[in-house]
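The values are calculated or read from the model by the stated rules, or taken from the named source; none is laboratory data. A quick note: this is a predicted structure, and the numbers were derived from the prediction, not measured. Cβ placement follows ideal geometry from the backbone for every residue including glycine, while neighbour counts extend to all protein chains displayed.
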C-alpha cells in the first residue's frame, strides 16, 4: 500500500500546538520506509505556506525540518494530464483543487490518502481512497 500524505499531517510535525501522536507515527514510518509514501508536488508549497503563516520562523523550520523529510526517498509526484483528469472528478464531488490532487494521487497509485481534514475525507468516504487519522490510523497501516 502506498500512503499519500496530506499537508495537514506534515504541519503537525513542526507546530507544537498542533502535534498529534498519529502524525508522529506517520513521520516515523515515512523515514524508515520512504518507498511506501508519496506526495503530490503541491505538498511542499502547501506545507511551506502554512508554516510561514503560523510559525514565527516558518522558512527556517521548513529548511531544517521539511527538506530532509521530503528528500528521504518518498515519491514526489508531478502534476500530469492524467492526474488533472482524476482530480477534476473529485473537484466535481466538492473537494478543493488541493484536496482533489491528493485524492487523485491516491487513486493513481492505488493507495490511501492520510489526512486530518475530516470534511474532505467525508466528501469522498465512499471511494475508500482517504482516511481521517484524527482518531486512528487505518487497520491495514502495518501491511
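Under the condition of being closer than 21 Å to residue 130 by Cβ and over 11 Å from the mean Cα position of the chain (by Cα), the residues counted in region 36-57 number 3. If the condition is being in a loop (DSSP other than H, G, I, E, B) and in contact with a helix residue (DSSP H, G or I) (Cβ under 7 Å, 6 or more places away or on another chain), then region 98-143 contributes 116, 117, 124, 129, 133, 134, 137.
For residue 60, are the conditions met, namely being more than 14 Å from the chain's Cα centre (by Cα) and part of a helix (DSSP H, G or I)? For residue 60, the condition - more than 14 Å from the chain's Cα centre (by Cα) and part of a helix (DSSP H, G or I) - is met. Screening 4, 9 for residues that are buried (at least 18 other Cβ atoms within 10 Å of the Cβ), in contact with a strand residue (DSSP E or B) (Cβ under 8 Å, 6 or more places away or on another chain) and assigned to a helix (DSSP H, G or I) leaves exactly one candidate, 9. If I ask for residues that are over 14 Å from residue 70 (Cβ atoms) and at pLDDT 95 or above, which ones from region 7-25 would you list? Of everything in region 7-25, those that are over 14 Å from residue 70 (Cβ atoms) and at pLDDT 95 or above turn out to be 8, 12, 20, 21, 22, 23, 24, 25.
For region 18-42, name all the residues that are in contact with a helix residue (DSSP H, G or I) (Cβ under 9 Å, 6 or more places away or on another chain), without any contact (Cβ under 8 Å) to a residue 40 or more places away in the chain and within 19 Å of residue 62 (Cβ to Cβ). Across region 18-42, the qualifying residues are 18, 37, 41. The condition (being touching a helix residue (DSSP H, G or I) at 6+ places or on another chain (Cβ under 7 Å) and assigned to a loop (DSSP other than H, G, I, E, B)) is satisfied by just one residue among 48, 14: 14.
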